[in-house]
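First the structure, in the form of structure tokens, and then the observations on it.
The values are calculated or read from the model by the stated rules, or taken from the named source; none is laboratory data. These numbers come from a predicted model, not from an experiment. In this analysis, Cβ positions are derived from the backbone assuming ideal geometry, glycine residues included, and neighbour counts consider all displayed protein chains. Heavy atoms of the whole protein, side chains included, go into the accessibility calculation; ligands, DNA and RNA do not. Shrake-Rupley method; radii C 1.70, N 1.55, O 1.52, S 1.80 Å.
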2 protein chains.
Amino acid sequence: MTVKMARNQHVIILVEPQMGENIGMCARAMLNFGLTELRIVNPRDGWPNGRAVAASSGADDVVNSAKVFKTVEEATADLQVVYATTPRHHDMIKTTYTCAAAADRVRQEGGEGMRVGVLFGCERTGLTNEHLSRADALVVIPTNPDFDSLNLAQAVIVWAYAWFMTADNTPPAVQHMGKSRPANKDELNNFMDRLEMALDESGFFTSPEKKPGMQHNLRNTFTKMELTEQEIRTLHGVIKALQFPQKR
Amino acid sequence: MTVKMARNQHVIILVEPQMGENIGMCARAMLNFGLTELRIVNPRDGWPNGRAVAASSGADDVVNSAKVFKTVEEATADLQVVYATTPRHHDMIKTTYTCAAAADRVRQEGGEGMRVGVLFGCERTGLTNEHLSRADALVVIPTNPDFDSLNLAQAVIVWAYAWFMTADNTPPAVQHMGKSRPANKDELNNFMDRLEMALDESGFFTSPEKKPGMQHNLRNTFTKMELTEQEIRTLHGVIKALQFPQKR
């Protein structure tokens, strides 16, 4: 498939990952959010790894273009800023960012033309203090403190999502109309008139003094439904069918 | 393990999931962000499923307390608001929220005491139009449009993270000091004085007219490092060692 490069993207660096499946899942997670540059430090099962390709579910290009290094030092040599993800704060003189705050910084640094990398440790032990000492800052994903161990690919996708969101401009809510359009008030009023007339004929309004209140309630019910023009036409048909049942 | 219940949490509903591993990974993802209430509609491989427990990596309680239903109708019968996650907009008259916007709504609805559920479709085909018609609104996770297929547990963890973040109050950045504290300016100034004196003695400032500029640059370098009191003590030792090497 064609990989559409995200602008100003950064490098994901997996440090001593164990299972090929996890590497493939990381590649898929990266590509879901437009990241394509993967580096791997000292993968346990060697490289290339067929299981990584299989688990990437189509993100083959990310897996196949991954670069392998022997050490974190080599994997970060050309980078100007390095972040290290870790499940908790360490007794270390270093700034720790939340995932979202670090994502903002990485987006900005990328925009300034900096080469940035984010380190993820191995499944079992995470990053060592030696690895962390090579990072400019730490990134902690806020989690349930009683269950804070994220699967490797799960940590990568949360990071990638947080980074993607720093530049996403999807409208928060969109009212889909299908092939129709929102009804105007004239269409709504015509429908309400018809409904009320039909209900009058059917003896729905038993007490004249309660009729206005019942009318208001019904109008509220149908107004808040944000009906489309097509839905109102369907509802006209519903009333007609109920009023004048067709014999089959 | 003890499961700490998140306040005002909602129900995650997996609809016809195929692999037990994925169900277990979903449970782990949920618990990472404090969600514990899992429902499963018609799991392909039956229930209980040992692979789900194994893949949950300790979130056994979430797996073991999951409730199984035959249909989406039954699984949502006691809920007041239902959201359906889907990779793309549908030709359907329904409001579509981004993941973050829906998470805000679910948090608020939970706070109002509403019972809320979020549907996730099966790995292969997602949710059907019949499933979607039972949801009050759709949720779309913004992704790379060229590669928008998220693994089931990956979709669940992104959702759970987005929901968790609506109530997370972790400070965006924390400067960790280890057992030390930020140096005060007096400590920094003493260090700079010592450094400049040592450099004077070593003949570092070759040209008197350039000396003030070089002093400012050095002061900038050490000031922006945000040194701790302990780091300054170490740096005093570094200067001393360089000036007066000890024979071994």
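The condition of being surrounded by fewer than 20 Cβ atoms within 10 Å (Cβ to Cβ) and closer than 24 Å to A:Asn144 by Cβ holds for only one of A:Asp61, A:Asp91, that being A:Asp91.
Taking the condition assigned to a helix (DSSP H, G or I), modelled with pLDDT of 95 or more and within 14 Å of chain B (Cβ to nearest Cβ), does A:Val139 pass? Against the criterion (assigned to a helix (DSSP H, G or I), modelled with pLDDT of 95 or more and within 14 Å of chain B (Cβ to nearest Cβ)), A:Val139 does not qualify.
Every residue, every condition in (1) in contact with a helix residue (DSSP H, G or I) (Cβ under 8 Å, 6 or more places away or on another chain); (2) at pLDDT 95 or above, yes or no:
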{"position": "B:Met165", "(1), (2)": "yes, yes"}
{"position": "B:Val174", "(1), (2)": "no, no"}
{"position": "B:Arg181", "(1), (2)": "yes, no"}
{"position": "B:Asp200", "(1), (2)": "no, no"}
{"position": "B:Leu218", "(1), (2)": "yes, no"}
{"position": "B:Phe222", "(1), (2)": "yes, no"}
{"position": "B:Gly237", "(1), (2)": "no, no"}
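Residues in the stretch A:172-190: is at least one within 30 Å of B:Pro172 (Cβ to Cβ), open to solvent by less than 60 Å² (accessible area, probe 1.4 Å) and in a loop (DSSP other than H, G, I, E, B)? Among the residues of the stretch A:172-190, not one is within 30 Å of B:Pro172 (Cβ to Cβ), open to solvent by less than 60 Å² (accessible area, probe 1.4 Å) and in a loop (DSSP other than H, G, I, E, B), which makes the answer no.
Criterion first (of a type in the set (A, V, I, L, M, F, W, C) and over 17 Å from A:Val82 (Cβ atoms)) does A:Leu138 satisfy it? Judged against the criteria, A:Leu138 is not a match. Only one of the numbered conditions (1) polar (S, T, N, Q); (2) open to solvent by less than 40 Å² (accessible area, probe 1.4 Å); (3) assigned to a helix (DSSP H, G or I) is violated by B:Thr96, and that is (3).
List the number of the failed condition for A:Arg124; all other conditions in (1) in a loop (DSSP other than H, G, I, E, B); (2) open to solvent by 80 Å² or more (accessible area, probe 1.4 Å); (3) more than 14 Å from every other protein chain (Cβ to nearest Cβ) hold. Just one mismatch for A:Arg124, condition (3). Once the stretch B:16-41 is narrowed to residues that are open to solvent by less than 10 Å² (accessible area, probe 1.4 Å), part of a helix (DSSP H, G or I) and within 7 Å of another protein chain (Cβ to nearest Cβ), the residue that is nearest to B:Arg124 (Cα to Cα) is B:Ala29. For the stretch A:66-78, the criterion of being surrounded by fewer than 19 Cβ atoms within 10 Å (Cβ to Cβ) and within 11 Å of another protein chain (Cβ to nearest Cβ) is met by none of the residues.
Scanning the stretch A:163-193 for residues that are more than 8 Å from chain B (Cβ to nearest Cβ) and farther than 21 Å from A:Leu227 by Cα yields a count of 4.
Only residues that are aromatic (Phe, Trp, Tyr) and either more than 7 Å from chain B (Cβ to nearest Cβ) or over 17 Å from the mean Cα position of the chain (by Cα) (or both) were counted in the stretch A:148-162, giving 1. Cβ-Cβ distances below 6 Å connect the following pairs, each with a first residue in the stretch B:61-84 that is under 11 Å from B:Arg39 (Cβ atoms), a second residue that is outside any loop (DSSP other than H, G, I, E, B) and basic (Lys, Arg), and a separation of six or more residues or different chains: B:Lys67/B:Arg39; B:Ala75/B:Arg39. Within the stretch A:203-232, the residues that satisfy the criterion of being open to solvent by 60 Å² or more (accessible area, probe 1.4 Å) and in a loop (DSSP other than H, G, I, E, B) are A:Phe204, A:Thr206, A:Pro208, A:Glu209, A:Lys210, A:Lys224, A:Met225, A:Glu226. Within the stretch B:108-121, if we keep just the residues that are more than 14 Å from chain A (Cβ to nearest Cβ) and in a helix (DSSP H, G or I), the residue that is farthest from B:Asn151 (Cα to Cα) turns out to be B:Gly111.
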